[in-house]
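A.B. asks: My questions will all concern the structure given below.
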Amino acid sequence: MSTSPAISHEDRRELHESSTVGDIMYPGIVSCSWAASAPEIARIMASCRIHCVAVMGLLPSDRQDPVIWGIVSDLDLLEAATNPEEPTTAAALAHQPGAHDPAG
């Protein structure tokens, strides 16, 4: 596991002021299946060095193409780790107001 060198608050502010969104953000959308497990999602986040993953699923419509219907964040994974009796698939962890659970 690599660690970043310590950077002062002033240097960090200067970096942010001179950076564009493109310099800071991960390019593209990283996604997983609605059936992905919490450890799978954690591996995706760690390998891409990101804090959330889009969850792909089908909505109840005539469309057969998967759509992004939810988001799982690193905080969702942390919460899941503290509640081991709860389901830990992407479908159970995703925040998706008003969306249809593809598993049900």
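A.B. asks: Only residues that are more than 23 Å from TRP69 (Cβ to Cβ), at pLDDT below 90 and surrounded by 10 or more Cβ atoms within 10 Å (Cβ to Cβ): list them for region 4-57, please.
C.D. replies: The answer is ILE7, ASP11, ARG12, ARG13, GLU14, LEU15, HIS16, SER19.
A.B. asks: While we're here: In region 58-86, which residues are out of contact with any strand residue (DSSP E or B) (no Cβ under 7 Å at 6 or more places or on another chain), at pLDDT 85 or above and small (Gly, Ala, Ser)?
C.D. replies: ALA80, ALA81, listed by residue number.
A.B. asks: Does MET1 count as in a strand (DSSP E or B) and either under 15 Å from LEU93 (Cβ atoms) or modelled with pLDDT under 90 (or both)?
C.D. replies: no
Let's see how each residue does on (1) outside any helix (DSSP H, G or I); (2) of a type in the set (Ser, Thr, Tyr); (3) farther than 20 Å from THR88 by Cβ; (4) touching a Ser or Thr at 6+ places or on another chain (Cβ under 6 Å):
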site: HIS16; (1), (2), (3), (4): no, no, yes, no
site: PRO27; (1), (2), (3), (4): yes, no, yes, no
site: GLU40; (1), (2), (3), (4): no, no, no, no
site: GLN64; (1), (2), (3), (4): yes, no, yes, no
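A.B. asks: Looking at (1) in contact (Cβ under 8 Å) with a residue 40 or more places away in the chain; (2) assigned to a strand (DSSP E or B); (3) more than 11 Å from the chain's Cα centre (by Cα), which is the one condition that is false for CYS32?
C.D. replies: (3)
A.B. asks: Does CYS32 satisfy the condition of being within 24 Å of ASP76 (Cβ to Cβ) and touching a Phe, Trp or Tyr at 6+ places or on another chain (Cβ under 9 Å)?
C.D. replies: no
The values are calculated or read from the model by the stated rules, or taken from the named source; none is laboratory data. From a predicted model like this one, the values you see are computed outputs, not experimental measurements. Cβ atoms come from the backbone with ideal geometry, glycine included; neighbour counts cover every protein chain shown.
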